[in-house]
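K.L.:
Can you read through this structure? Questions will come right after.
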Amino acid sequence: MQYTIQQIAEALGAECQGETSLMIERAAEPSDAGASDLAMAMSPKYAEALSNGSARAAVLWEGADWQALGLAAAIFVPRPRMAMAGITSMLDGGQGVEPGIHTSAVIDPTAELAEDVAIGPLTVIGARARIGKGAIIGAHCVIGMDAVLGENALLREMVSIGARARIGDRFIAQPGARIGGDGFSFVTPEVSGAENARKTMGDQGGARAQSWLRIHSLGAVEIGDDVEVGANCTVDNGTIRNTSVGNGSKLDNLVHVGHNTRVGEDCLLCGQTGVSGSVEIGNNVVLGGQTGVVDNIFIGDGVIAGGGTKILSNVPAGRVIMGYPGIKMETHTDIYKAQRRLPRMARDVEALKKAVFKQPPSD
Amino acid sequence: MQYTIQQIAEALGAECQGETSLMIERAAEPSDAGASDLAMAMSPKYAEALSNGSARAAVLWEGADWQALGLAAAIFVPRPRMAMAGITSMLDGGQGVEPGIHTSAVIDPTAELAEDVAIGPLTVIGARARIGKGAIIGAHCVIGMDAVLGENALLREMVSIGARARIGDRFIAQPGARIGGDGFSFVTPEVSGAENARKTMGDQGGARAQSWLRIHSLGAVEIGDDVEVGANCTVDNGTIRNTSVGNGSKLDNLVHVGHNTRVGEDCLLCGQTGVSGSVEIGNNVVLGGQTGVVDNIFIGDGVIAGGGTKILSNVPAGRVIMGYPGIKMETHTDIYKAQRRLPRMARDVEALKKAVFKQPPSD
Amino acid sequence: MQYTIQQIAEALGAECQGETSLMIERAAEPSDAGASDLAMAMSPKYAEALSNGSARAAVLWEGADWQALGLAAAIFVPRPRMAMAGITSMLDGGQGVEPGIHTSAVIDPTAELAEDVAIGPLTVIGARARIGKGAIIGAHCVIGMDAVLGENALLREMVSIGARARIGDRFIAQPGARIGGDGFSFVTPEVSGAENARKTMGDQGGARAQSWLRIHSLGAVEIGDDVEVGANCTVDNGTIRNTSVGNGSKLDNLVHVGHNTRVGEDCLLCGQTGVSGSVEIGNNVVLGGQTGVVDNIFIGDGVIAGGGTKILSNVPAGRVIMGYPGIKMETHTDIYKAQRRLPRMARDVEALKKAVFKQPPSD
C-alpha cells in the first residue's frame, strides 16, 4: 500500500509539483511527519507545523509556496476535506480480516455466501441468510436467518443483524452495531396516565396503575445502499412494516433509531442521537450530536438540528433548528441572548413597578 | 404459524364477522396487505389505505362497515394497541434459535440448565449458573458464574449477564444488553473540586488536582419477573447491595441504570435514558427518551417525565415533569411560552425605562 | 478471600477496636449484614440500621461509640468513600476467568502473550497483538491486529479493541466497550448546507443536496495507564493522528469519544457523555452524565460540568458550568431563578405598558 505523489494526485484529480515519484507510506500530521509520510497541511495554520516534522511531501492549499515550506513535493487541493476522503481511502490499512471463511465460523448450511467473501473467526450466519460478493465480515458477528446483505459490505467485529433484515450494497457497520432488535412498544389494558398526560400536556387524569403488555415486532429493518452505522448503534425492527434507512445515510456511534421510523437518503445522525418510533425523516437531514426526536412526527428534507436539540414537533423542510424544544436557530439565539439579560431585566421591572405603581418590589 | 380469523378473534376476545375461516399468514399495513394478510386498519384514517392493497381481511375499529371497505372478513377491537399486543404475539416469527444446546456453545460442567433450553452457537455459560426451563438464548451470549436466570427467558444474540446476577421469569434481553458491568464509582484521597462544587453549586474551593481510586462493585444485579431490557442497554452492579429492577419494568435501547439504583415495578425507561447511581425509582414511572436522572434522589410512584427531561432533585409521586431541570410540565409550558415572548418583552422594558426614567436604553 | 478485622484495618491504614481477629467474608449494608459480614455504617444515619441486621463488625466514622451500637469489633475511617475503595478492592469476587488460555480462544500465532495471562472462552486475538503480563481477558473479546495492551489489564466479556490501538497498564474495560471504531467523518463535494448554517448560525445558504463521502480513519486509539472504560462505551480512531485518553481517566457506560479527541489525565466522563471529534480536554476534568461537547473546542484543566450540560464553545480552566448551552453554573442558576418568575414578570410588563403608554396589553 505505497503510492507515489503522482498516483495520489491523479486519484484525487489534483495538481502536484516537485519530485512526484516520491513514495508515500502513510499520511501524517505536519509535526509528526517523517520522510516517507505525506503531511496533511491544507491551510497556512497547519503548514506552520511542517518545520517541527521532517516531511518531504505535503498536501497543501491551492497556490501554496511549497518550496518555501522546504518540501520536495506537494499536492494542491481546493477543498481539503474532500482530499482527505480520497487520501484516507487509499491509505486505509484495514483490520486484517483474512480472505475466506475462518474455520471457527458457524455458517448455516442453507446460507448463501458469495464466493469471495471474507468471514472472521467465530462469526455466525443463520439459515438462508444471503451475503453478497466482496463482503468483509469481522470476528464475532451474528447475521440472522433470512437476512440479506448486499455487495461489498464491511462489518467490523461484533456486529449483529437480526432475522429478515434487508441491507443494500456497500454497507459499513462499526463494532457492536445492532440492526434488528425488537421495537420498544408496550400497551396497558386501559388508557394509561402517560397517554392522558400527553394529550393534556401534564394531567394524568384518573388512570390507574397497570402492567405493560408487549407489542411484538413482526417487521424487520430495511437499509439502502451506501449506509454506515456506528459503534454500538441500534436500529430496531418495525412493528408491522419495516423500519428503514435510505441510501447514503450515516449513523454515528450510539445512535438509536426506533421501530417503524423511516430515515431518508443522505442523512447524518450524529453521536448519541435518538429517534423514537414512527418518525418520518426526509432526505439530507443532519441531526447534531445528542439530538432527540419524539415519536410520530415528521422532519422535512434538508432540516439541520444543532447538537442537543430535542425535536418535539414536526419540522418543515429546510429549517435550521436548535434548543429544547427545538425551534428556529435564530429564534433560539434571540431568546438565549434575552435570557442572559434576564436577571438584569427582572431588576429593571421591579424598579419600574416601584416608580410607576409606587409598590414595594416583590420577593 | 397460520391462523383463521376466528382463531385470532378468539385469542383477542374480540368479535369477528364474514368469512371467519379465512387463513392468515402475517399482519400487514393496509396498503401493503396481500390476500392472505391481515390488514391493521384500526381507525378510519388507516382504513382509507385498504384500497391500495389487496387485503381480504382486516382488524377494524368497533362499528366499522367492513363490507363497504370491500373486505371478506373483519375483526373488531375497542383498543387498537391492545389488539396489536395479541396479534403480534401470535404471529411473531422469532429469530430461529434451534432447540437444544448448540455444539459450539461453551457450557461449564457445573452450570445447571433445564432440560428444554435452547442455547445458540458460541454462547458461554459460566460455573454454577442456573438457567430455568423454556429459556431461549441466542448466539454469542455470555452468562456469568453463579448467575440465575428464571423460566422462559428470551435472550437475543450477544447479551452478557455478569456473575451473581439474579433474574426472574420471562426475562427478555435485546442484542448487546449488558447486565452486571461494574459500577462507576471513584473517590479522591482528599475532598475533590467536584465534591465542593456540588455542595456550593459552583465553587470548587481550594481542592487540589488528584487521581481517582476505584470503588469495586461487590453487589450484583437483581431483576424481577417480566422485565425487558433493550439493545446495548447497561445495568451496573451495586457496590454493596444489589442494583435492582422490579417486576414488569421495561428498559429501551441504550438505557443506562447506575450502581445501587432501584427501579420499581412496571416502569418504562425510554431510549437513551440514563439513571445515575443510588436512585430510588417507584412503581409505574415513565421516563421519556433521553431523560437523565442525577444520583442519590428518589422519584415517586407514577411520575411521568417528558422526553429530554433532566431530573436534578426528588420528584413526588404522581407528578408529570419536563425540562432541564425537570419541573412540573405545566410550569414548564408557561415558562416556555413566556420565553418565546422574551425578546419582545426585552424591547418593551427598554421602552418603559426610557419613558419612565428618561434614560437611554442599555445595549 | 477472608480477612480479619485487623487485616482490613491495616490495609486501610485505619484504627480498629474490639475482637479484631474476627473473620470477615463479605461487606454488607447495615440492615442486611450477617454475623460474618462487615457492615458499612460510616455515618450515624447508616448506623441506625445496624439494629435491623445482625452484624458483629462494622466500619464506622471516627469517634463512633461502637460498643453502644452492639458491635464486637469496629474499624474507624475518616473519609468513608476512601475506605470503600480499599475494602471493596480486597473483597472483590471477580468474574471467574480461569488462568491460562481457554482452548476455544482463537489466538493468532504471531500474537505475543505474556506467560501468565488469563484468556476466556472464544476470545480472538489478532496478528502481532501484544498482551502484557497479568492480563485477565474475559470471554468473547476481540483484540485487533497490532494492538498493544499493557500489564495487568482487566477486560470483561465482549470488549473489542481495534487494530493498532496502544493501551497502557492496568486498563479496565467493562462489557461491550468498543475501542477503535472508525471515526464519523464525512464530506460533501461542495460546501454543504450544514457548513453554511454553522458559520451563519442558522442560514443554509444556497447549498444543494449532496451525498456524503467517507473520510477513513488512518489513526488509532492511544490510552494511558490506569484508564477504565465503561460498558458499551465507544472511543473512535483518529483520522490522521490517534485519538487519546490520558493516564488515570475514567469513562462511564455508553460514553462516546469522537475521532482525534484528546482526553487529558484523571478525567471523569460520566454516563452517556458524548464528546465530538477533535476536542482537547485538559486534566482533572469532570463531565456529568449526558454532557455533550461540540467538536473542535477545548476544555481547560479542572473544568466541571453538571449533568446534561451541552458545551458549545471553549471553556477556560477551572470553570464550573451547567446548562444548554453550558455557562458558569452560578450564572445558570441566576437565569434559571429569573425564568421561574418569567410568567409573572410578563404580566407585570403588560401592566406597566398599560399604565405608562395607556395601550392595551398585547396578546
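K.L.:
Over the Cα atoms of segment C:3-91, what is the Rg over Rh ratio if Rh follows Kirkwood?
P.N.:
On the way: Rg = 11.0 Å, Rh = 12.2 Å.
Expressed as Rg/Rh, it is 0.90.
K.L.:
So, in Å, what gap is there between the alpha-carbon centers of segment C:336-352 and segment A:98-168?
P.N.:
Measuring centre to centre over Cα atoms gives 61 Å.
K.L.:
Can I ask one more? If we count other beta carbons within 10 Å of each Cβ, what is the order of B:Thr200, A:Thr291, A:Thr20, fewest first? Display every interim value, and only then the final one.
P.N.:
Working: B:Thr200 13, A:Thr291 29, A:Thr20 18.
Fewest-to-most Cβ neighbours within 10 Å comes out as B:Thr200, A:Thr20, A:Thr291.
K.L.:
Next question. For C:Tyr336, B:Tyr324, what ranking results if the residue with the fewest other Cβ atoms within 10 Å of its Cβ goes first? Before the final figure, lay out the partial values.
P.N.:
Numbers: C:Tyr336 18, B:Tyr324 24.
Ranking C:Tyr336, B:Tyr324 by Cβ neighbours within 10 Å, fewest first, gives C:Tyr336, B:Tyr324.
K.L.:
On average, how much area does the Cα convex hull of the protein assembly as shown cover when viewed from any direction, in nm²?
P.N.:
Mean shadow area of the hull around the Cα atoms is 47.4 nm².
K.L.:
Follow-up. Nearest 5 percent is fine: what portion of the DSSP beta bridges confined to the protein assembly as shown is antiparallel? Please list the in-between numbers first.
P.N.:
Values: 30 of 234 bridges.
Here the antiparallel bridges make up roughly 15 percent for the protein assembly as shown.
K.L.:
Considering the convex hull of the alpha carbon atoms of segment B:293-363, report its projected area averaged over all viewing directions, in nm², one decimal. Mind dumping the intermediate values first?
P.N.:
Details: hull surface 27.0 nm².
It is 6.8 nm².
K.L.:
How long are the three semi-axes of the equivalent ellipsoid of segment B:171-278, in whole Å, if each is the root of 5 times an eigenvalue of the C-alpha gyration tensor, listed from largest down?
P.N.:
On the way: eigenvalues 190, 41, 28 Å².
Whole-Å semi-axes of the equivalent ellipsoid: 31, 14, 12.
K.L.:
Now for a different question. For segment A:82-168, count all C-alpha to C-alpha pairs, find those more than 16 Å apart, and express that count as a whole percent of the total. Could the numbers behind the result be given before it?
P.N.:
Values: 1878 of 3741 pairs.
Result for the distance tail: 50 percent.
K.L.:
Only sites in a loop by DSSP and with at most 10 other Cβ atoms within 10 Å count here; which GluC sites (Glu not before Pro) in segment A:41-141 make the cut? Please report the intermediate quantities before stating the final value.
P.N.:
Working: sites: A:Glu48, A:Glu62, A:Glu112, A:Glu115; in loops: A:Glu62, A:Glu115.
Answer in residue order: A:Glu115.
K.L.:
I've got another one for you. Please arrange B:Met23, A:Met145 by how many other C-beta atoms lie within 10 Å of their C-beta, fewest to most. Could the numbers behind the result be given before it?
P.N.:
Values: B:Met23 11, A:Met145 20.
The order, fewest Cβ neighbours first, is B:Met23, A:Met145.
K.L.:
Could you give the longest part of chain A that holds none of the trypsin sites (Lys or Arg not before Pro) found in DSSP loops with at most 12 neighbouring Cβ atoms within 10 Å? Please list the in-between numbers first.
P.N.:
On the way: sites that count: A:Arg208, A:Lys358.
The reported range is A:1-207.
K.L.:
Okay, moving on. Assume the label is 7 Å from Cα along Cα to beta carbon: what separations in nm does B:Asp203 have to the matching positions in the other copies?
P.N.:
Result for B:Asp203, in nm, nearest copy first: 4.6, 4.6.
K.L.:
What residue among A:Gly53, A:Gly246, A:Gly274 has the largest mean-square fluctuation in a Gaussian network model of chain A, using Cα springs under 10 Å?
P.N.:
Greatest mean-square fluctuation among the candidates belongs to A:Gly53.
K.L.:
If the label point is 7 Å along Cα→Cβ of B:Glu151, which residues in segment B:165-189 have backbone nitrogen under 14 Å from it?
P.N.:
What the label zone holds, given the 14 Å backbone N cut-off, is B:168-171.
K.L.:
Below 20 Å, Cα to Cα, which aspartates and glutamates can C:Lys337 reach? Residues fewer than 8 away in the same chain don't count.
P.N.:
A:Asp334, A:Asp348, A:Glu350, A:Asp363, B:Asp203, B:Glu330, B:Asp334, C:Asp348
K.L.:
At a Förster distance of 30 Å, what's the computed FRET efficiency of B:Gln67 paired with A:Val191, Cβ-Cβ distance as r, to 0.05? Before the final figure, lay out the partial values.
P.N.:
Details: r = 30 Å, r/R0 = 1.00.
In this case the efficiency is close to 0.50.
K.L.:
Something else about it: Can you tell me the dipole magnitude for segment B:3-91 around its Cα centre, using point charges on the Cβ only (Lys, Arg +1; Asp, Glu -1), in Debye to the nearest 20? Working shown, then result.
P.N.:
Working: 5 positive and 10 negative charges, 36 e Å.
Its charge dipole is roughly 180 debye.
K.L.:
Now, a different point. Just to confirm the numbers: A:Pro189, label point 7 angstrom along the Cα-Cβ line, distances to the other copies in nm, shortest first?
P.N.:
Result for A:Pro189, in nm, nearest copy first: 6.1, 6.1.
K.L.:
A further question follows. Where both residues lie in chain C, what percent of DSSP beta bridges are antiparallel, nearest 5? Working shown, then result.
P.N.:
On the way: 10 of 78 bridges.
Restricted to chain C, the bridges split so that about 15 percent are antiparallel.
K.L.:
Want the number for B:Gln7 to B:Ser313: 0.36 nm per residue separation, take away the alpha-carbon distance, what's left?
P.N.:
105.1 nm
K.L.:
Going Cα to Cα from C:Lys310, which aspartates and glutamates come in below 13 Å? Please leave out same-chain ones fewer than 8 positions away.
P.N.:
Excluding near neighbours in sequence, the set is C:Asp295.
K.L.:
Here is a further query. Determine the percent antiparallel among the DSSP beta bridges restricted to segment C:3-91, to the nearest 5.
P.N.:
Values: 6 of 17 bridges.
In segment C:3-91, DSSP labels about 35 percent of beta bridges as antiparallel.
K.L.:
Cα centroid distance between segment C:29-70 and segment A:196-229, in Å?
P.N.:
Spelled out, the Cα-based centre of one part sits 46 Å from the other.
K.L.:
Here's another thing I want to ask about it. What average number of partner chain Cβ atoms lie no more than 10 Å from the Cβ of the residues making up C:206-219? Mind showing how you got there, number by number?
P.N.:
Numbers: counts 0, 2, 2, 6, 3, 7, 11, 6, 10, 9, 12, 3, 12, 5.
Per residue, the average neighbour count from other chains is 6.
K.L.:
Oh, and also: What nm distance separates the two modelled labels at C:Ser211 and A:Thr103, each placed 7 Å from Cα along Cα→Cβ?
P.N.:
Roughly 4.1 nm, to one decimal.
K.L.:
Here is a further query. I need the inter-copy label distances for C:Gly134: point set 7 Å along Cα to C-beta, values in nm with one decimal, smallest first.
P.N.:
Here the equivalent label points are 4.8, 4.8 nm apart from this one.
K.L.:
Using only the C-alpha atoms of chain A, find the volume of their convex hull and express it per residue in Å³. Could the numbers behind the result be given before it?
P.N.:
Details: hull volume 78.6 nm³, N = 363.
With only Cα atoms used, chain A gives 217 Å³ per residue.
K.L.:
Next question. Return the loop-located GluC sites (Glu not before Pro) in segment B:135-219 (DSSP other than H, G, I, E, B) with at most 13 other Cβ atoms within 10 Å of their own Cβ; answer none if there are none.
P.N.:
Counting only loop positions with at most 13 other Cβ atoms within 10 Å, the GluC sites (Glu not before Pro) in segment B:135-219 are B:Glu190.
K.L.:
Which of the lysines could a cross-linker bridge to B:Lys199, judged by Cα under 16 Å and excluding same-chain residues fewer than eight apart?
P.N.:
Partners within reach: C:Lys328.
K.L.:
I've got another one for you. To the nearest 20 Debye, how big is the dipole of segment B:54-161 about its Cα centre, given +1 on the beta carbon of each Lys and Arg and -1 on that of each Asp and Glu?
P.N.:
Values: 7 positive and 11 negative charges, 57 e Å.
For segment B:54-161, the charge dipole is close to 280 debye.
Here, each number is a calculation from the coordinates, and none is a lab measurement. All figures in this text were calculated on a predicted structure; none of them were measured in a lab. Cβ sites come from the backbone with ideal geometry, for glycine too, and all protein chains shown count toward neighbours.
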